[in-house]
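This report refers to the structure that appears directly beneath it.
The values are calculated or read from the model by the stated rules, or taken from the named source; none is laboratory data. All figures in this text were calculated on a predicted structure; none of them were measured in a lab. Neighbour counts are summed over all protein chains in view; Cβ atoms, including those assigned to glycine, are modelled from backbone coordinates with ideal geometry. Surface accessibility is based on the protein's heavy atoms, side chains included, excluding ligands, DNA and RNA. Shrake-Rupley method; radii C 1.70, N 1.55, O 1.52, S 1.80 Å.
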Amino acid sequence: MEKIILIRYGEIGLKGLNKHYFIDVLIRNIKDSLKSLKNKKIEKIQGRFIIRLAEEDIHRACEALKKVFGIASISVASVVEKDLENIKEVAEILTEKECRGDETTFKVNARRGDKNFPMTSPELNGYLGGHLLKTFPNLKVDVHEPQFTLFVEIREKAYLYTEIIPGKNGLPVGTGGKAALLISGGIDSPVAGYMIAQRGVELMGVHFHSYPYTSERAKDKVVKLMEKVAAYSGRIKLFVVPFTDIQLAIGEFCEEKYSTLIMRRYMMKIASELAVKNGALALITGESIGQVASQTLESLAVTNAATDLPVFRPVIGMDKHAIIDIANEIDTFETSILPYEDCCTIFVPKHPQTKPKLEYVLKEESKLKDIDEMISEAIDNTEIITIYPK
Amino acid sequence: MSRIYFDNSATTCVDDEAIDIMTMYHKDLYGNPSSLHRMGVEAEKAVEECRNKIAEMLSVKSKEIYFTSGGTEGNNMLIRGAVEKNKRIGNRIITSKIEHPSVLEVFRYYESQGLDVIYLDVDEYGKIDFKKLEESINGDTILVSIMMINNETGAIQDLKRIGELVKKNSKKTLFHSDCVQSFGKSVIDINSCNLDMLTFSAHKLHGPKGLGGVYIRQGLNLPPLILGGGQESGFRSGTENVASIAGFTKVLQNIDMKSNTDRFVSLKKYFISKVASAVDEVIINSPQRDDFADFIISISLKNVKGEILLHALEKKEIYVSTGSACSSKKNRTSHVLEAINIPRDYIEGTLRVSFSKHNTLNEIDKCIEALAEETSKIRKFTRRK
């Protein structure tokens, strides 16, 4: 008996003529996610993939596959030749593992893909169910809410399993182009990146670093967050932009109540430039309406006017607790709440403008005489870190 | 740019000679002191040599010294040991509000377990209130734990007077002191202070991390925290950290307390005179007095965030601390600085500079110059509010 991982894909199975493109990208992403595991083989069969690898690696592989977008579900299946004796034997082994306590309810769910197999699906259900009931006296059939289901698929071989692990669904990353995620180190931006990556979009990260006003640890924190997001999105290039000089200039020359807003506009501008240079077609932010002064509708409009690229804000209408739920799910929350200063907290105005008008903001920005040079200098000195999944 | 390291109360560089010895013990003399063969015996000798040296420095018996993994373990095992041993004869334990977390948290734990815990206030110089201490010691008091030198401000407690008060008021009360900052830098007179227990650590004075120890007066027979193979006379099981212990012996042999103290005194004097003229609106929390350590200077600057200043100095390869290393990670104001009542608009701007035998006056010049420059940069933005 051999153990394999059975992978079912969801939405991409519905694609038309370019289905193969989606499938190839998904296979590539699956291979990437299993990079650290040796001697694995991946095989395409009808509507599924099969992964063969060492039995001791199966658990780790499943954990990684649970994070790959485009996968609908995963099962660890036992494979045998499709004759009844073999099938019965494996069915017994799997059932024995599931039996606990005085009474366990179950059902058999057989599917005959290979029509040459001598029994139909209902016949096989009845035959195997009967055999198991005889073998295990504590077993009882419950076809509506069984404690476990024994799945049997008859294809070129027989596949037996008892568990279907849900995948992340979505689309394979890389099939939907690339977008630049503005990442601060807070709770919202990693969640926003994750949500867009779920639709097949490849991510690049842009982080603004105001050393020494923020510390090395604040940068490390962003790297750690991106590593967690990369477990879902695949490899990410993180662009760390030195932002101190621009921030100091804003603090020195612009009216205080607009300072956060102006800062965010320059972040958008720099991120857009980096995005275009690196083939990204949109920006992603973790903004959510009304969360802070710079996220009122008026402020968002002013910030938005700083870029020509589409800006995706997937958490825009979400409550904080709903965002935190996702952050917990993708394991970024604990890292996000580490207390290192991030670039937004240092120069926070006491009374920020919550209903800004673009014309006033532009007037304030015009006081920054050398801003174009400062922006290109920041871009020239940007550090690029390649982030691998962790 | 050469590095200026002014964070020696957090940790220190390890002496070169000690590193050589440690390497030797890792590579060649790696026997386990519990082994019966010659390699084991040699390792055991190295451990005993260090124990003897420490005992000699503290004028106590070798068998009253036990090795631990560091100051935190030492404080935990002594306080827990003392309470577990004596909780049947009394319910009250006393400490101060400015102790290291490895003392305070143990007291808080026992508070949650229903013990009567007194946290003594301190005055603006960080000294505990003797009158309050005297009032607090009653027939139920089983333990008083007061640190010798405070790690954030350098304030030195009068252990002699505290010891007298403790013993005068209650014979059964044990007196413990966390001497992690003072061991090897100041004279600790266990007898005249009436100390029953004290804690020390190796890495604060050019020894390796992961090594510390405790003194326990003979006959106390505290219950151990860690059980196992019965090492350290059964009080602290676990294979001895032989290489570190052997290296630490060398560190202790090399200490020249007189020359170190002279250096610290002149460094502190110079720093304080310089900083006052280079920066305005600065409070010195560690005045040059006999009851303050010479190797720690805490200053508080108005309208400055200590963390920003720290990173600005780090950019120039100057390493200092905000408050203490342990409280600075938690992003909240330090309990010690709050206890000595530093004004609100100064407390966030607190920096700690702490010296080692390697520091020079020239380094202070560079530090103060950078400090003045970066402070005025930061204040440009904070003053407008």
Q: Provide a single number: the residues in the range A:1-55 that are over 17 Å from the mean Cα position of the chain (by Cα) and acidic (Asp, Glu).
A: 4
Q: Kindly establish whether A:Val315 is in a loop (DSSP other than H, G, I, E, B), within 14 Å of chain B (Cβ to nearest Cβ), out of contact with any strand residue (DSSP E or B) (no Cβ under 7 Å at 6 or more places or on another chain) and on the phi < 0 side of the Ramachandran plot.
A: no
Q.
Return the pair list, or none, for Cβ contacts closer than 6 Å from residues in the range B:5-17 that are over 21 Å from B:Thr153 (Cα atoms) to residues that are modelled with pLDDT of 95 or more and open to solvent by 20 Å² or more (accessible area, probe 1.4 Å), at least 6 apart or on different chains.
A. B:Glu17/B:Lys250
(Q) Looking for something buried (at least 19 other Cβ atoms within 10 Å of the Cβ), part of a loop (DSSP other than H, G, I, E, B) and in contact (Cβ under 8 Å) with a residue 24 or more places away in the chain - is there at least one such residue anywhere in the range A:201-210? (A) yes
Q: Quickly run through the range A:259-295 and pick out the residues that are within 14 Å of chain B (Cβ to nearest Cβ) and either under 19 Å from A:Ile316 (Cα atoms) or hydroxyl-bearing (Ser, Thr, Tyr) (or both).
A: A:Ser259, A:Thr260
Q. In the range A:287-300, what count of residues is obtained for those that are out of contact with any Cys (no Cβ under 9 Å at 6 or more places or on another chain) and open to solvent by 10 Å² or more (accessible area, probe 1.4 Å)?
A. 9
Q. What residue, of B:Ile54, B:Ile19, is in a helix (DSSP H, G or I), at pLDDT 95 or above, of a type in the set (Val, Ile, Thr) and open to solvent by 40 Å² or more (accessible area, probe 1.4 Å)?
A. B:Ile19
Q. Can you pull out the residues in the range B:1-49 that are within 30 Å of B:Glu314 (Cβ to Cβ) and touching a Phe, Trp or Tyr at 6+ places or on another chain (Cβ under 8 Å)?
A. B:Arg3, B:Ile4, B:Tyr5, B:Phe6, B:Asp7, B:Asn8, B:Ser9, B:Cys13, B:Ala18
**Q.** Residue check for A:Ile337: modelled with pLDDT under 95, loosely packed, with under 15 Cβ neighbours inside 10 Å and within 14 Å of chain B (Cβ to nearest Cβ)
**A.** yes
Q: Looking only at the range A:180-202, decide whether some residue is at pLDDT below 95, within 14 Å of chain B (Cβ to nearest Cβ) and within 30 Å of A:Ser366 (Cα to Cα).
A: yes
Q: Mind listing whichever residues of the range B:190-229 are more than 28 Å from B:Lys172 (Cα to Cα) and free of Cβ contacts under 8 Å to residues at least 60 places away in the same chain?
A: B:Gly228
Q: Can you tell me which residue within the range A:203-217, out of those that are in contact with a Leu (Cβ under 9 Å, 6 or more places away or on another chain) and within 14 Å of chain B (Cβ to nearest Cβ), is nearest to A:Arg235 (Cα to Cα)?
A: A:Arg217
Q | Checking A:Val229 against (1) in a helix (DSSP H, G or I); (2) within 14 Å of another protein chain (Cβ to nearest Cβ), the condition it does not meet | A | (2)
Q) How many residues does the range A:1-26 hold that are open to solvent by less than 50 Å² (accessible area, probe 1.4 Å) and farther than 23 Å from A:Ala54 by Cβ? A) 7
Q) Does A:Asp372 count as surrounded by fewer than 19 Cβ atoms within 10 Å (Cβ to Cβ), without any contact (Cβ under 8 Å) to a residue 40 or more places away in the chain and acidic (Asp, Glu)? A) yes
Q. Taking the stated definitions as given, is A:Lys140 assigned to a loop (DSSP other than H, G, I, E, B) and over 29 Å from A:Ala64 (Cα atoms)?
A. no
Q) Checking B:Asp262 against (1) without any contact (Cβ under 8 Å) to a residue 40 or more places away in the chain; (2) in a strand (DSSP E or B), which test does it fail? A) (2)
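A quick yes/no check of all residues on (1) closer than 19 Å to B:Phe183 by Cβ; (2) touching a Phe, Trp or Tyr at 6+ places or on another chain (Cβ under 6 Å); (3) within 14 Å of chain A (Cβ to nearest Cβ); (4) not in a loop (DSSP other than H, G, I, E, B):
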residue: B:Gln218; (1), (2), (3), (4): no, no, no, no
residue: B:Ser233; (1), (2), (3), (4): no, no, no, yes
residue: B:Phe248; (1), (2), (3), (4): yes, no, no, yes
residue: B:Ser298; (1), (2), (3), (4): no, no, no, yes
**Q.** Residue in the range B:305-317 that is open to solvent by 10 Å² or more (accessible area, probe 1.4 Å), in contact with a Gly (Cβ under 7 Å, 6 or more places away or on another chain) and modelled with pLDDT under 95 present
**A.** yes
(Q) Of everything in the range B:335-385, what is under 22 Å from the mean Cα position of the chain (by Cα) and free of Cβ contacts under 8 Å to residues at least 12 places away in the same chain? Give them in sequence order. (A) B:Glu338
Q. Within the range A:53-68, which residues are in contact with a Lys or Arg (Cβ under 7 Å, 6 or more places away or on another chain), more than 14 Å from A:Ile42 (Cα to Cα) and part of a helix (DSSP H, G or I)?
A. A:Glu55
Q. Among the residues of the range A:245-273, which ones are modelled with pLDDT under 95 and among the small types (Gly, Ala, Ser)?
A. A:Ala249, A:Gly251, A:Ser259
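Table: residues versus (1) modelled with pLDDT under 85; (2) within 14 Å of chain A (Cβ to nearest Cβ).
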{"position": "B:Asn331", "(1), (2)": "yes, yes"}
{"position": "B:Val336", "(1), (2)": "no, no"}
{"position": "B:Ile342", "(1), (2)": "no, no"}
{"position": "B:Arg352", "(1), (2)": "no, no"}
{"position": "B:His358", "(1), (2)": "no, no"}
{"position": "B:Leu361", "(1), (2)": "no, no"}
{"position": "B:Lys366", "(1), (2)": "no, no"}
{"position": "B:Ala372", "(1), (2)": "no, no"}
{"position": "B:Lys377", "(1), (2)": "no, yes"}
Q. Do we find a residue being buried (at least 24 other Cβ atoms within 10 Å of the Cβ), touching a helix residue (DSSP H, G or I) at 6+ places or on another chain (Cβ under 6 Å), in a loop (DSSP other than H, G, I, E, B) and hydrophobic (A, V, I, L, M, F, W, C) anywhere in the range B:168-175?
A. no
Q) Do we have B:Ala293 as in contact (Cβ under 8 Å) with a residue 12 or more places away in the chain, under 22 Å from B:Gly31 (Cβ atoms), away from chain A (no Cβ under 14 Å) and among the aliphatic types (A, V, I, L, M) here? A) no
